[in-house]
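Notes follow the structure.
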Amino acid sequence: MAKINLLPWRDERRKELLNEFLVMLGLVALFAALTVGVIHFYHTQLIDRQNTRIDYIDRRIKEVDKKIVEIKELEKQKERLLSRMRAIESLQRDRPVIVHLFDEIVRSVPEGMTITRLTQIGTEITIEGEAQSNARVSSFMRKIEKSDWINKAKLKVIKEKKVKVEISKQPPISEEKIVKEFTLTFNQILQSKDDENEDEES
């Protein structure tokens with residue numbers, strides 16, 4: 001039998017298989033790199049697109065926040081205007097009542113009595129003043145109770161006070177007098193328009 005040496009052929013075959021393996025490995029590595037690159041590019045595009053959307057939403061939110069601030073400012077201005085309108089309407093509506101109130105106070109104040117301060121909170125009126133005697137204050141309170149526009153007179157404070165009264169100017173002569181300094185409260189009676197019309201007709 002003839003003897004055939006297969007060693008060179010096996011070495012060459014092994015080299016060919018190794019080369020094929022290295023080529024395939026290279027191709028797989030290249031494909032993997034391309035795949036990773038494509039996926040990375042796709043994700044980058046998604047992130048950029050999402051960041052663009054987020055930036056757009058942030059800008060819109062800032063614009064909406066500015067509009068909300070403007071709306072709140074407009075609402076404050078509206079409330080201030082409505083408050084002024086209500087105050088004006090209230091003054092116009094209560095103008096006859098105020099006239100009646102001051103007219104009634106003036107008519108009820110007796111001689112020898114002076115009002116130095118008048119304040120009103122709601123329907124409660126507080127008067128501070130001076131009178132020549134306790135009887136003047138009592139007379140004023142009785143007139144209040146008989147009035148159709150004010151009532152419930154309550155004396156809070158009454159005390160003596162010394163004041164200088166000028167008797168003559170030439171030569172200047174003055175003397176001390178004792179007056180009654182007082183504080184009292186009473187209520188304003190709010191009448192309907194029908195009652196006001198009846199009072200005016202009477």
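The values are calculated or read from the model by the stated rules, or taken from the named source; none is laboratory data. Being a predicted model, the structure only gives us computed values, none of them experimental. Positions of Cβ are backbone-derived with ideal geometry, glycine not excepted, and every protein chain shown enters the neighbour counts.
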Do you know which residues across the stretch 108-136 are over 20 Å from Lys180 (Cα atoms) and either of a type in the set (A, V, I, L, M) or not in a strand (DSSP E or B) (or both)? Ile121, Gly122, Thr123
Matching residues in the stretch 135-155 - criterion: being over 14 Å from Ile125 (Cβ atoms) and β-branched (Val, Ile, Thr): Val137
Examine the stretch 86-107 for a residue that is in contact with a Ser or Thr (Cβ under 8 Å, 6 or more places away or on another chain) and not assigned by TED's automatic domain parsing to the domain that holds Leu184, and state whether such a residue exists. yes
If we keep just the residues of the stretch 180-202 that are at pLDDT below 80 and of a type in the set (A, V, I, L, M, F, W, C), which is nearest to the chain's Cα centre (by Cα)? Leu190
Scanning the stretch 126-151 residue by residue, those under 36 Å from the mean Cα position of the chain (by Cα) and at pLDDT below 85 turn out to be Trp149, Ile150
Considering each of Ile167, Ile158 in turn, give the residue that is of a type outside the set (D, E, K, R), assigned to a strand (DSSP E or B) and modelled with pLDDT under 80. Ile167
Scan the stretch 135-150 for residues that are touching a His at 6+ places or on another chain (Cβ under 7 Å) and more than 15 Å from His100 (Cα to Cα) and report the count. 0
Can you go through Glu89, Glu63, Glu70, Glu111 and tell me which one is exposed (fewer than 10 other Cβ atoms within 10 Å of the Cβ) and charged (D, E, K, R)? Glu111
Give the stretch 116-157 a look and list any residue that's surrounded by fewer than 16 Cβ atoms within 10 Å (Cβ to Cβ) and of a type in the set (Lys, Arg), or say none. Arg117, Arg142, Lys146, Lys152, Lys154, Lys156
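Rundown of residues vs (1) over 23 Å from the mean Cα position of the chain (by Cα); (2) acidic (Asp, Glu); (3) modelled with pLDDT under 80, yes/no style:
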| position | (1), (2), (3) |
| --- | --- |
| Ser83 | no, no, no |
| Ala87 | no, no, yes |
| Arg95 | yes, no, yes |
| Leu101 | yes, no, yes |
| Val106 | yes, no, no |
| Val109 | yes, no, no |
| Arg117 | yes, no, no |
